[in-house]
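This report refers to the structure that appears directly beneath it.
The values are calculated or read from the model by the stated rules, or taken from the named source; none is laboratory data. Because the structure is predicted, anything quoted here is derived from the model rather than measured. Reconstructed Cβ throughout: ideal geometry from the backbone, glycine too, with neighbour counts over all protein chains shown. To get the accessible areas, we keep the full protein, side chains included, count just its heavy atoms, and leave off ligands, DNA and RNA. Shrake-Rupley method; radii C 1.70, N 1.55, O 1.52, S 1.80 Å.
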Amino acid sequence: MVRSTDSHILICQRAPDHPLALKWEFPGGKIEPGEDPVQALRRELEEELGIQAVIGDQVAQVLHTYRNGNAVELTFFRVTEFSGELLNKIFADIQWVPRTTLPDYDFLEADVDLVKEIAGGKVI
């Protein structure tokens, strides 16, 4: 999510009792049966943050295989508009941060390349 007033990016820190605890990530989650990626993101943002988001253009797609062999396919979308009050429902922390500071956070491995592209102004 990109805040329209100052272009800060919303990042979320995984809870201590979740897999890959305390790693930073972008909000979103798994696609449920019968959903497309846009529907899934809209649902996840409501479940995780209590907002109704307007999902914009796709900005990236990432295929990543972790060292343990688990593979993930991630699709990232631009979100600049939402209604409702932003609530932290499941994370250890959520923060709006300047794009240039993104590499200072300990992100999930699957997000690292995109973090660098966003910080460098190549994406979003």
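Please indicate, with yes or no, whether at least one residue in segment 42-54 is among the aliphatic types (A, V, I, L, M) and part of a loop (DSSP other than H, G, I, E, B).
Yes; the residues of segment 42-54 include at least one that is among the aliphatic types (A, V, I, L, M) and part of a loop (DSSP other than H, G, I, E, B).
I'd like the full set of residues that are open to solvent by 70 Å² or more (accessible area, probe 1.4 Å), out of contact with any Lys or Arg (no Cβ under 6 Å at 6 or more places or on another chain) and either farther than 24 Å from ALA92 by Cβ or small (Gly, Ala, Ser) (or both), limited to segment 53-79.
First, pick out the residues of segment 53-79 that are open to solvent by 70 Å² or more (accessible area, probe 1.4 Å): 54, 57-58, 61, 63, 65, 67-68, 70-71, 73, 78.
Those left that are additionally out of contact with any Lys or Arg (no Cβ under 6 Å at 6 or more places or on another chain): 54, 58, 61, 63, 65, 67-68, 70-71, 73, 78.
Listed by number, the residues that qualify are VAL54, GLN58, GLN61, LEU63, THR65, ALA71, GLU73, ARG78.
What are the residues in segment 96-121 that are open to solvent by 50 Å² or more (accessible area, probe 1.4 Å), closer than 18 Å to LEU74 by Cβ and assigned to a loop (DSSP other than H, G, I, E, B), if any?
Result: TYR105, ASP106.
Among the residues of segment 66-87, how many are more than 23 Å from LYS122 (Cβ to Cβ) and in a strand (DSSP E or B)?
Let us first name the residues in segment 66-87 that are more than 23 Å from LYS122 (Cβ to Cβ), namely 66-71, 82-87.
With the extra rule that they be in a strand (DSSP E or B), the set shrinks to 71, 82-83.
Here the count works out to 3.
Would you check if GLU35 is of a type in the set (D, E, K, R), surrounded by 12 or more Cβ atoms within 10 Å (Cβ to Cβ) and more than 15 Å from the chain's Cα centre (by Cα)? Let's see the steps before the verdict.
On the way: of a type in the set (D, E, K, R): yes; surrounded by 12 or more Cβ atoms within 10 Å (Cβ to Cβ): yes; more than 15 Å from the chain's Cα centre (by Cα): yes.
Spelling it out, GLU35 is indeed of a type in the set (D, E, K, R), surrounded by 12 or more Cβ atoms within 10 Å (Cβ to Cβ) and more than 15 Å from the chain's Cα centre (by Cα).
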